[in-house]
Every structure is written in structure tokens, then in C-alpha cells.
Amino acid sequence: MRFQSTWPSKDIFTKYALDYAKTVNDMTGGDLKIEVLPAGAVVPAFGLIDAVSKGTLDGGHGVLVYTTASRTRWRYGVLVRASPWTPTMLLAWHRWGGGKELLAKLYASSA
């Protein structure tokens, strides 16, 4: 599987993606192989969401703030970009606070 990051190869966030991929690759004994590519390897960073949606890439590692840049028609991105939340708070809201369901509805309404 080819995943692309929204950051350059030397960025700490790309290292996080590489660490994640290594963990998954090791845990699956090679049955699932994730290759992490830096920003721009296949598409520009702001094109990541659309590339995954179209199947050009299998996945991506980025932030929702780039959603409004790549999909300007998605007007709700302001709800999650530049928020005062810590990453842990955002993930908790997404997982247990109804965020995943809300984002699914918002994405569907702007398609």
C-alpha cells in the first residue's frame, strides 16, 4: 500500500508516519506492507485527500486543515482547522465524542 505524507521527508511528522508503517508492517509479518512517501512524491501535499479519494494513493498521513485547501468546496473545514485542541483532544472527540460521525455527515453533504 502506498501512503503519502503531507510533509517533506526530513520532517518529524513524516518520521511518525514511517514509524507507524514499520509497526504495522512488523505486526502483520509482511502480510500488509505500507510504503510511506514524502509530500510531492505522487501529488502535492494539498492534493492528498483527492488522491486517496480517487484511488491514486491507498492512504495518507496529514491533517484536516489541508482538506479545505484541496477540496475548497468543503466549507466545514473551519470546524477542525486551527483549533485550540491538542492532538489528544481532537482524537478523543473524533473517537468518542461524535466527531467521526459528524465529519462523515459533513463530507457527504459537500460531495
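The values are calculated or read from the model by the stated rules, or taken from the named source; none is laboratory data. The structure displayed is predicted, hence computed values, not measured ones. As a convention, Cβ positions derive from the backbone with ideal geometry for all residues, glycine included, and neighbour counts pool all protein chains shown. Heavy atoms of the whole protein, side chains included, go into the accessibility calculation; ligands, DNA and RNA do not. Shrake-Rupley method; radii C 1.70, N 1.55, O 1.52, S 1.80 Å.
Some observations on this one:
- Computed lengthening from A41 to T88, 0.36 nm per intervening residue step minus Cα-Cα distance: 14.0 nm
- Of the peptides 39-50, 17-28, 2-13, the order by per-residue mean of other Cβ atoms within 10 Å, starting with the highest, comes out as 39-50, 2-13, 17-28.
- Separation of the K15 and L106 label points, Cα + 7 Å toward Cβ, nm: 3.1 nm
- Taking the accessible area of region 1-62, probe 1.4 Å, and keeping the other protein chains in place, the carbon and sulfur fraction comes to 59%.
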